[in-house]
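K.L.:
Sharing a structure with you now.
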Amino acid sequence: MATSLKEQPLKRKPVYRNIHISQLTSYRLPAAGWISILHRISGAAMFLLLPFAIWLFDTSVTSEISYEQFVAAFAVGAWGFPGWFLKLVAFALIWAYLLHFSAGLRHLWMDATHEVGLEFGRISAVVAIALSTIVALALGAKLFL
């Protein structure tokens, strides 16, 4: 016996709504969302730390005397900041660059291959975060030790 359209139960459509600010602590953001947010934060951090990066490059290559000032800044400090703080800022710059680079490669890969599925997005986000963090920790160990 065939049922008419009126007798079939209606499918409920999913409801999409914005979350409230109070829900931010309980909302579970997927990995692709984290890499998107971190890509923006790392880009802003690199922009804000650009004067420091220019100073690092200029001081390290200008002359032997300026290179000694560069080494001394990381050993004892400069501009009223201790050396460990300057190393921490340099480490943040390294990690921001590596994260921004790996997230950018992820986006280029998605654009070139048109792989935009949920599974690929999750896996590629985890790989980008993990790879950039592992390389940053290796370079940070070289910086601090």
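The values are calculated or read from the model by the stated rules, or taken from the named source; none is laboratory data. This one's a predicted model, so the numbers in the text were calculated from it and none came from an experiment. Cβ coordinates were reconstructed from backbone atoms using ideal geometry, including for glycine residues, and neighbour counts include every protein chain displayed.
K.L.:
Quick check on my filter: what residues within segment 32-81 are over 19 Å from Leu93 (Cβ atoms) and not in a helix (DSSP H, G or I)?
P.N.:
Thr62, Ser63, Gly80, listed by residue number.
K.L.:
Right, something else. Do you know which of the residues in segment 94-145 that are polar (S, T, N, Q) and surrounded by 14 or more Cβ atoms within 10 Å (Cβ to Cβ) is farthest from Ala75 (Cα to Cα)?
P.N.:
Filtering segment 94-145 for residues that are polar (S, T, N, Q) and surrounded by 14 or more Cβ atoms within 10 Å (Cβ to Cβ), the one farthest from Ala75 (Cα to Cα) comes out as Ser124.
K.L.:
For the subset of segment 54-86 comprising residues that are of a type outside the set (Phe, Trp, Tyr) and surrounded by 17 or more Cβ atoms within 10 Å (Cβ to Cβ), which member is nearest to Thr133 (Cα to Cα)? If you could, list the steps in order and put the result at the bottom.
P.N.:
First, the residues of segment 54-86 that are of a type outside the set (Phe, Trp, Tyr): 54, 56, 58-66, 68-69, 71-73, 75-78, 80, 82-83, 86.
After this cut, where a residue has to be surrounded by 17 or more Cβ atoms within 10 Å (Cβ to Cβ) as well, the list is 56, 59, 73, 78, 86.
Details: Leu56: 22, Thr59: 27, Ala73: 25, Ala78: 27, Leu86: 19 Å.
My answer is Leu86.
K.L.:
Based on what the data block shows, is Ala44 on the phi < 0 side of the Ramachandran plot and at pLDDT 80 or above?
P.N.:
Working: on the phi < 0 side of the Ramachandran plot: yes; at pLDDT 80 or above: yes.
Yes: the conditions hold for Ala44.
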